[in-house]
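This report concerns only the one structure given below.
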Amino acid sequence: MRYTGSKCKRCRAVGAPICGRAKCAIVRNPSPPGQHGAARKKKSEYAEHLLEKQRIRWTYDVSEKQFYSVFVEASKSKGVTGIVMLQLLESRLDNILFRANLAGSRAHARQIISHGHVLMNGKKVSIPSARTKQGDVIAIAEKSAAFVKAAHKASFVIPDWLAVDEKNLTASVSMVPQREQLDQTFKEQLVIEYYSR
């Protein structure tokens, strides 16, 4: 079941602005949510592991089931589990749309995709969790361009592993992102320790 509560409450819970909003509530009130949020004591090792897992999961806005399946897939790969896990999350179509600055948030990207406004390699895709790979070209359908432009108001820094043509509303995956090109605040090792306990 998808979370429909306050996104900024999650930001305060993990201590980071993961909602993507410019006016996130954590700026005004950085303490955890709840009556005794500001007075909470030091977290246990388990709590730190859980919080980091939630922080990464909530950042990409995926369910626990989806997140765990990505972890299992990454753990079976030949690469470093934590890095592969982040690469798989980054390769989601909704994330690519958000990173390419074609959607204001991942939730907005999911809505655009599920309503049939997105093409991948010239074919309509309506599954936000669809995986992209190097060389894939993502575009907003021509008939939807005006609608998407009108709805989009945010502006983010586009990562260098994406080639974006904002005028024509297209983006192509030029390479698989390396760890140094991903969020440096993530501590993916804690997620591995959480699931390995």
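Some values worked out for this structure:
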read-out: Segment 92-175 shape via C-alpha gyration tensor axes, a/c threshold 1.5; value: rounded
read-out: Residue-wise HN-Hα coupling along segment 42-54, computed from phi with Karplus coefficients 6.51, -1.76, 1.60 (Hz; x: Gly, Pro); value: 4, 7, 6, 4, 4, 4, 5, 5, 5, 5, 5, 4, 5
read-out: Electrostatic dipole magnitude of segment 92-175 [Cβ: Lys, Arg +1; Asp, Glu -1; Cα centre; debye, to 20]; value: 260 debye
read-out: Theoretical FRET efficiency, 1/(1+(r/R0)^6), r = Cβ-Cβ of residue 179 and residue 50, R0 35 Å, to 0.05; value: 0.95
read-out: Sequence of 192, 83, 96 once ranked by neighbouring C-beta atoms within 10 Å, starting from the fewest; value: 83, 192, 96
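Read the figures in this text as sums done on the coordinates, not as results from a lab. If you're wondering where the values come from, they're calculated on a predicted model, not measured in any experiment. Note that each Cβ is placed from the backbone with ideal geometry, even for glycine, and that neighbours are counted across all protein chains shown.
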